[in-house]
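Chemist: There's a structure below that I have some questions on.
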Amino acid sequence: MSTDFFYSVRMRASAGTKHLSGAEHLVSCNDVVKTVYKLAERAMTKGTSPDKIIITVESLQSFKKIRHIHALDVLAFGGMDITACRAAATQALLSANISKTALDAAFGFLDHGAAPSGGNMRGAIIMDAETGARLEPDPERGVRVSRVDWSENIISELEQKLASLGLIHFRTREALALATKVAHAQNILAELCWSDDHDYVAGYVSSRRMGYLRLPVMKHEGIPLGGRVFFINGKASDISSLIHFLEKEPVIITDLGIFHKINRLSDLNIDHV
Ligand code: AMP
């Protein structure tokens with residue numbers, strides 16, 4: 001798709017130093033005004049009144065093409081507690097060639113606050129899948145994935161399919177878009193994520209091969225810590241092009257994968273993960 005008339009429209013709302021909400025859409029020039037309005041409305045209807053809303057509109061003309069990709073398949077676990085969810089995440093990540101050392105490091109960072117100053121990062125950790133070493137240049141901020149959006153044509157089908165699995169929170173749709181872009185990056189073997197929101201305990205592991213494995217309980221309620229880890233098998237020298245893809249290159253998701261409910265770890269055909 002030509003990007004001649006495409007723009008990124010991004011919103012970030014805050015109160016003092018507290019981040020309240022954020023979102024981004026990639027739209028044609030005809031839809032920029034409508035999207036600015038929609039995002040301002042979203043910032044104002046979150047419950048807490050923001051004292052600052054920043055909306056940024058950027059032309060994507062410098063990119064010759066917008067890449068079109070397929071969404072990851074969604075496999076949603078149901079009826080599992082934190083122990084079972086973490087066991088499933090561990091097994092899936094081990095089978096995606098993430099070492100036990102790297103997994104222990106990743107869980108430790110997300111459990112205890114991944115930013116060197118304590119607390120959450122704004123972005124993600126990039127981790128060597130073998131050694132567990134952190135490779136993101138700024139460990140306080142991490143790497144922020146952006147410039148990914150759903151094609152308008154598949155939004156209603158996406159919402160219907162997610163709802164059929166009981167996934168009606170807007171976070172799932174956004175997390176699936178982010179995980180889909182991440183899974184299409186070169187060198188990224190898999191991702192681990194759970195929210196830093198104290199009352200949102202779900203998380204996921206994902207990769208291009210295994211899809212998006214949605215896990216309902218990855219932490220205890222009330223814990224305000226979480227994060228994202230992207231496991232890579234590349235060299236540190238490849239990091240800047242990886243970060244450029246994740247943060248800057250526009251990607252639109254044009255096709256949906258399959259949607260499944262899973263009740264036990266054994267339902268997951270781990271050989272295919
Ligand atoms: P959330 O799912 O929004 O609660 O985010 C959970 C964690 O993921 C945050 O604490 C950040 O560390 C990380 N994160 C949030 N948004 C992004 C993003 N756009 N790119 C990379 N990491 C992110």
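Chemist: Within segment 1-98, how many lysine pairs that are 8 or more places apart, or on different chains, have C-alpha atoms less than 22 Å apart?
Modeler: Eligible lysine pairs with Cα atoms under 22 Å apart amount to 7.
Chemist: Calculate, in nm to one decimal, what T83 and R264 gain on full extension: separation in residues at 0.36 nm each, minus their alpha carbon distance.
Modeler: 63.9 nm
Chemist: Expressed as a rounded percentage, what relative contact order does the chain have, with Cα pairs under 8 Å and six or more residues apart?
Modeler: Result for the chain is 26 percent.
Chemist: With the Cα gyration tensor of segment 1-73 in hand, give its eigenvalues times 5 under a square root as the equivalent ellipsoid semi-axes, listed largest first in whole angstrom.
Modeler: Over the Cα atoms of segment 1-73, the semi-axes work out to 27, 14, 11 Å.
Chemist: In Å³ and rounded to a whole number, note down the convex hull volume per residue for the Cα atoms of the chain.
Modeler: 128 Å³
Chemist: Enumerate the calculated ³J(HN,Hα) couplings along segment 118-135 in order (Karplus 6.51 cos²θ - 1.76 cosθ + 1.60, θ = phi - 60°), each rounded to whole Hz, writing x wherever the residue is Gly or Pro.
Modeler: So the Karplus estimates, Gly and Pro as x, are x, x, 8, 8, 7, x, 10, 7, 9, 10, 5, 5, 9, 8, x, 6, 8, 10 Hz.
Chemist: Under a 5 Å amide H to amide H cut-off, with H placed in plane at 1.01 Å, what residues pair with K261 once short-range neighbours are removed?
Modeler: Amide H neighbours of K261, under 5 Å, 5+ apart: A76.
Chemist: Run the accessible area of the chain with a 1.4 Å probe and give the carbon-and-sulfur part as a rounded percent.
Modeler: 51 percent
Chemist: Using a 1.4 angstrom probe, figure out how much accessible area the chain has per residue, in square angstrom, rounded to the nearest whole.
Modeler: Value returned for the chain: 49 Å² of accessible area per residue.
Chemist: Kindly identify segment 147-273 as rounded, prolate or oblate by the Cα gyration tensor criterion: order the square roots of the eigenvalues as a ≥ b ≥ c, call it rounded if a/c is under 1.5, otherwise compare a/b with b/c, prolate if a/b is larger, else oblate.
Modeler: rounded
Chemist: Could you pull out every residue, at least 5 positions away or on a different chain, whose amide H is within less than 5 Å of the one on W150? Hs are placed 1.01 Å off N in the peptide plane, and Pro or chain starts have none.
Modeler: Amide H neighbours of W150, under 5 Å, 5+ apart: I253.
Chemist: Related question: I'd like the distance separating the alpha-carbon centroids of segment 30-61 and segment 201-240, in whole Å.
Modeler: The two parts, judged by their Cα centres, are 27 Å apart.
Chemist: Could you list the GluC sites (Glu not before Pro) in segment 102-209 that lie in coil according to DSSP, counting only those with at most 13 other Cβ atoms within 10 Å of their Cβ?
Modeler: Sites meeting the loop and neighbour criteria: E140.
Chemist: So what is the calculated 222 nm ellipticity per residue for the chain, using -39500 (n - 2.57) for each DSSP H run with n of 4 or more, over all residues, to the nearest 500 deg cm²/dmol?
Modeler: -8500 deg cm²/dmol
Chemist: One quarter of the convex hull surface, Cα atoms only: what value does that give for segment 42-122 in nm²?
Modeler: 10.5 nm²
The values are calculated or read from the model by the stated rules, or taken from the named source; none is laboratory data. Please read these numbers as outputs of a predicted model, since none were measured by experiment. So basically every Cβ, Gly included, is an ideal-geometry build from the backbone, and we count neighbours across all protein chains shown. Note: accessible area is taken over every heavy atom of the protein model, side chains too, but ligands, DNA and RNA are not part of it. Shrake-Rupley method; radii C 1.70, N 1.55, O 1.52, S 1.80 Å.
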